[in-house]
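Novice: Supplied in structure tokens, the structure appears directly below.
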Amino acid sequence: MSAPVIFSTFITASGHSFGHAVLNNPAALNALTLPMIDLLDPQLKAWAEDDSIAGVVLSAAGDKAFCAGGDVVSLHHASKRVGAGVVPPEAEAFFEREYRLDYRIHTYPKPILCWAHGIVMGGGVGLMVGASHRVVSPNARIAMPEIHIGLYPDVAGTWFLHCMPERTGLFLALTGAIINAGDALLGDWADSVVPHEQFTDVLKAIEQANWTGQLDLDNRALSELLKPFEVDAPAGLLHIHAEEIDAVMNHDSLADIDQSLRGLQESEVAWLAKAAQAYVNGSPTSALLSYELMKRHAGADLADVLRLEYQASIGCCVHHDFPEGVRALLVDKDKSPKWNPVRLSDLSGDEIHDILKPRFEGLHPLSDLGHSN
């Protein structure tokens with residue numbers, strides 16, 4: 001069997017090398033597994049500490065997807081094995097190491113070019129947004145669809161969604177709506193739109209370029225190198241429908257937003273109506289958790305965001321909706337999750353407090369983020 005991540009290096013005109021990591025599970029749309037994380041993180045660390053490496057390229061095998069998200073099916077099975085109310089050790093390992101990897105990418109001391117083509121969702125967005133140079137393909141389909149499975153936009157999603165214009169980030173969190181490359185640019189999830197067919201030519205241009213080993217200079221050089229390959233982004237749906245979205249989301253409480261979103265199901269714009277329907281069918285607990293975390297993470301430090309998200313994700317594993325949502329969408333595939341509670345009005349807030357409470361002894365598993373990497 002091929003390795004789930006393939007690593008290589010290539011020498012450039014200046015004598016420096018670039019590392020190249022390829023997610024290699026195209027049959028599963030390169031869904032991010034713990035073995036993939038455990039390969040990626042130490043290799044990125046090694047390349048960061050190697051003076052001969054000027055930068056890194058992160059891409060994925062196959063033509064359909066960069067990464068369709070985290071391997072939540074494995075977490076579902078782990079939760080079922082240990083029983084309700086118990087934290088599966090696989091979940092503790094997965095979320096701690098995934099968030100460490102995301103933090104490493106966000107704080108990497110060298111240029112990282114993330115080549116995100118096709119489907120980019122959930123954990124795949126987490127890998128992409130932290131890179132210094134984020135390229136998406138014109139046909140990219142990008143989303144944080146966790147509300148469908150009883151989770152919430154993790155991988156720092158409650159932070160970078162909050163940074164989007166107006167309340168478009170909250171709209172995406174509550175609906176899981178799919179956006180395109182144009183929206184990725186406007187939302188600062190991506191920097192460039194380049195056809196996937198140009199990937200080999202971009203690698204060749206990196207190989208033929210001169211690099212200095214200095215972060216600022218090489219970041220600027222990589223940005224300039226990409227410009228000749230860039231194409232116009234498709235019109236962003238969030239931008240096109242900004243007025244309608246603002247009218248729906250511009251309320252002071254989630255209860256009022258809930259009512260507006262339900263009314264949006266009648267929109268003549270198919271994309272908006274579908275987004276509203278997805279919200280109505282999603283987990284009420286996920287909606288409230290997303291809303292509360294995004295409020296808390298306004299202006300927050302990334303390390304603190306990931307620490308609280310770790311607690312939230314572990315809490316979701318012992319709460320009813322996450323295992324149930326994964327079962328309905330990805331395991332049994334009946335697409336009929338039985339949420340508990342069924343309605344947003346049935347949530348008192350105690351459920352969110354319980355999800356967010358620490359479920360570890362001693363130091364936080366991510367206590368060192370922001371101090372050492």
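Novice: Of the residues GLY325, GLY370, GLY362, which is more than 19 Å from GLY176 (Cα to Cα) and either touching a helix residue (DSSP H, G or I) at 6+ places or on another chain (Cβ under 6 Å) or surrounded by 14 or more Cβ atoms within 10 Å (Cβ to Cβ) (or both)?
Specialist: Unique residue meeting the criteria: GLY370.
Novice: Still on this structure, I have one more. Among the residues of region 103-120, which ones are open to solvent by 10 Å² or more (accessible area, probe 1.4 Å) and either of a type in the set (A, V, I, L, M) or in a loop (DSSP other than H, G, I, E, B) (or both)?
Specialist: Selection gives THR107, TYR108, PRO109, LYS110, ILE119.
Novice: Still on this structure, please answer the following. Do you know which residues across region 57-67 are surrounded by fewer than 24 Cβ atoms within 10 Å (Cβ to Cβ) and in contact with a helix residue (DSSP H, G or I) (Cβ under 6 Å, 6 or more places away or on another chain)?
Specialist: Matches in region 57-67: ALA61, GLY62.
Novice: Another question, if that's okay. When you scan region 178-194, how many residues do you find that are closer than 22 Å to GLN277 by Cα and open to solvent by 10 Å² or more (accessible area, probe 1.4 Å)?
Specialist: The number of residues fulfilling the criteria is 2.
Novice: I'd like the residue in region 337-358 that is farther than 22 Å from VAL87 by Cα and open to solvent by less than 90 Å² (accessible area, probe 1.4 Å) and, out of all such residues, is modelled with the lowest pLDDT.
Specialist: SER348
Novice: Ok, one more. With respect to LEU238, is the statement that it is in contact with a Ser or Thr (Cβ under 6 Å, 6 or more places away or on another chain), open to solvent by less than 50 Å² (accessible area, probe 1.4 Å), under 21 Å from PRO138 (Cα atoms) and in a helix (DSSP H, G or I) true?
Specialist: It is true that LEU238 is in contact with a Ser or Thr (Cβ under 6 Å, 6 or more places away or on another chain), open to solvent by less than 50 Å² (accessible area, probe 1.4 Å), under 21 Å from PRO138 (Cα atoms) and in a helix (DSSP H, G or I).
Novice: A further question follows. Take GLU207 and tell me if it is modelled with pLDDT under 95, surrounded by fewer than 19 Cβ atoms within 10 Å (Cβ to Cβ), of a type outside the set (Ser, Thr, Tyr) and over 25 Å from the mean Cα position of the chain (by Cα).
Specialist: No, not satisfied.
Novice: Now for a separate question. Out of the residues in region 69-88 that are at positive phi and in contact (Cβ under 8 Å) with a residue 12 or more places away in the chain, which is least open to solvent (accessible area, probe 1.4 Å)?
Specialist: Per the criteria, the residue is GLY69.
Novice: Going by the structure shown, is LEU308 within 29 Å of TYR108 (Cα to Cα), surrounded by 17 or more Cβ atoms within 10 Å (Cβ to Cβ), out of contact with any Phe, Trp or Tyr (no Cβ under 9 Å at 6 or more places or on another chain) and touching a residue at least 12 places away in the same chain (Cβ under 8 Å)?
Specialist: yes
Novice: Spot the failing condition for GLY126; the list is (1) over 20 Å from ALA303 (Cβ atoms); (2) touching a residue at least 12 places away in the same chain (Cβ under 8 Å); (3) of a type in the set (Gly, Ala, Ser), and only one is missed.
Specialist: The failed condition is (1).
Novice: Taking the condition of being among the hydroxyl-bearing types (Ser, Thr, Tyr), over 24 Å from VAL231 (Cβ atoms) and assigned to a loop (DSSP other than H, G, I, E, B), how many residues in region 130-167 meet it?
Specialist: Count: 1.
Novice: Which is under 30 Å from TYR291 (Cβ atoms), part of a helix (DSSP H, G or I) and touching a strand residue (DSSP E or B) at 6+ places or on another chain (Cβ under 8 Å), of LEU172, LEU203?
Specialist: Only one candidate qualifies: LEU172.
Novice: Now for a separate question. Name every residue in region 195-231 that is β-branched (Val, Ile, Thr) and in contact (Cβ under 8 Å) with a residue 60 or more places away in the chain, in order of residue number.
Specialist: VAL202, ILE206, THR212, VAL231, listed by residue number.
Novice: With (1) acidic (Asp, Glu); (2) free of Cβ contacts under 8 Å to residues at least 12 places away in the same chain; (3) surrounded by 15 or more Cβ atoms within 10 Å (Cβ to Cβ) as the list, and ASP334 as the residue in question, which single condition is left unmet?
Specialist: (3)
Novice: If you don't mind, another one. Any residue in region 24-33 that is among the aliphatic types (A, V, I, L, M) and more than 19 Å from ARG141 (Cα to Cα)?
Specialist: Within region 24-33, not a single residue is among the aliphatic types (A, V, I, L, M) and more than 19 Å from ARG141 (Cα to Cα).
The values are calculated or read from the model by the stated rules, or taken from the named source; none is laboratory data. For clarity, every value in this text was computed on a predicted model and none was experimentally measured. For neighbour counting, all protein chains shown are included, and Cβ atoms are generated from backbone atoms with ideal geometry for every residue, glycine included. Ligands, DNA and RNA are stripped out before the accessible areas are found, and what is left, the full protein with its side chains, is counted by its heavy atoms. Shrake-Rupley method; radii C 1.70, N 1.55, O 1.52, S 1.80 Å.
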